[in-house]
Amino acid sequence: MKLDHSTNTIVGAIAGDVIGSVYEWNNHRDTDFEIFSNGCFFTDDSVLTIAVADAILKQKDFGRTIWEYGRTYPGRGYGGRFSKWLQSSDPKPYNSFGNGSAMRVSALGFAYDTLEEVLDMAEKSALPSHNHPEGIKGAQATASAIWLAKNGESKATIQEYITKEFQYDLGFSLDEIRPTYEFNETCHGSVPQSIVAFLESEDFESAIRLAISIGGDSDTIACITGGIASAYYKEIPKPILDFVGERLPSEFIQIIQNFDARRGK
């Protein structure tokens, strides 16, 4: 089963995850790297992005759906505390402010008509596990950036909104932070960097390359950046779609196609 070449919604986040997967523990500190590495695979970022999309499509509970997908696709790089959450028969929020809340929300930015709905649903998607204020903020900032990009807002407007509403400092360049940026799985330590990677990009591919180029939690940073970039540029190169599609289960591709067909309805 292949990805449709016209798809440009949640597959952007998934593409970032897949391409970044081989660089998470083997950081590359510039934009010149092999984008189609044979070792690429989908990680927890893709699994949970699909889970949220499926919950939207079928009007299912976010927490339960995320839990079910995590257990169906084990060993995909879940964090330690989230893994314990998945192992529980009655999982409860654990006050996380990790970037897991932000990496899984791209579908929300595409699915709803108003920014108010997006912010509300982003909070609801975070609460089952990432109920710390910073965890909620990371999810809301990512989803709202996607919504604004989808609706044709300029990069300047997106930057101004995120800075004002979420107090994220976006006034730095990737060149400034690249030499010293370290692995950081928190929302406040990776979501601003992901957004700046999008702001500095020229097209979808350059957004992914920039996201990976700073090192750190490469697959998640590229996942967050990719979701915003796909909403803004509205086109993902066919070679990237083919490469990513070859590495996804048919169930994921079907959900992507179903989501594309129904987004915004």
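Tell me, which helices (runs of 4 or more DSSP H) lie completely within the stretch 112-178 with 1 or more residues that are within 15 Å of the chain's Cα centre (by Cα)? Filter on the stretch 112-178 gives 115-126, 133-150.
Pairs are defined by a Cβ separation below 6 Å, a sequence spacing of at least 6 or placement on different chains, a first member in the stretch 158-185 that is hydroxyl-bearing (Ser, Thr, Tyr), and a second member that is surrounded by 14 or more Cβ atoms within 10 Å (Cβ to Cβ); the pairs so defined are Thr163/Leu170; Tyr168/Ile162; Tyr168/Pro192; Tyr181/Ile214; Tyr181/Gly215; Tyr181/Gly216.
Look at Lys60 and say whether it is in a helix (DSSP H, G or I), without any contact (Cβ under 8 Å) to a residue 12 or more places away in the chain and either of a type in the set (D, E, K, R) or crowded, with 17+ Cβ neighbours inside 10 Å (or both). No, not satisfied. Can Phe204 be described as touching a residue at least 40 places away in the same chain (Cβ under 8 Å), surrounded by 14 or more Cβ atoms within 10 Å (Cβ to Cβ), of a type in the set (Phe, Trp, Tyr) and touching a Ser or Thr at 6+ places or on another chain (Cβ under 9 Å)? Against the criterion (touching a residue at least 40 places away in the same chain (Cβ under 8 Å), surrounded by 14 or more Cβ atoms within 10 Å (Cβ to Cβ), of a type in the set (Phe, Trp, Tyr) and touching a Ser or Thr at 6+ places or on another chain (Cβ under 9 Å)), Phe204 qualifies. For the condition modelled with pLDDT of 95 or more and surrounded by fewer than 19 Cβ atoms within 10 Å (Cβ to Cβ), what is the one hit in Ser21, Ser46, Ser37, Ser6? Unique residue meeting the criteria: Ser37. Of the residues making up the stretch 63-110, those that are assigned to a helix (DSSP H, G or I) and in contact with a strand residue (DSSP E or B) (Cβ under 8 Å, 6 or more places away or on another chain) are Arg81, Phe82. Per the conditions (1) crowded, with 23+ Cβ neighbours inside 10 Å; (2) closer than 23 Å to Gly12 by Cα; (3) in contact with a Phe, Trp or Tyr (Cβ under 8 Å, 6 or more places away or on another chain), the sole criterion not satisfied by Ser101 is (3).
Inspection of the stretch 58-70 finds a residue satisfying the criterion of being within 19 Å of Ile253 (Cβ to Cβ), within 19 Å of the chain's Cα centre (by Cα) and of a type in the set (Ser, Thr, Tyr).
The values are calculated or read from the model by the stated rules, or taken from the named source; none is laboratory data. This is a predicted model, so every value here is computed, not measured. FYI the Cβ positions are ideal-geometry reconstructions off the backbone, even for glycines, and counts take in every protein chain you see.
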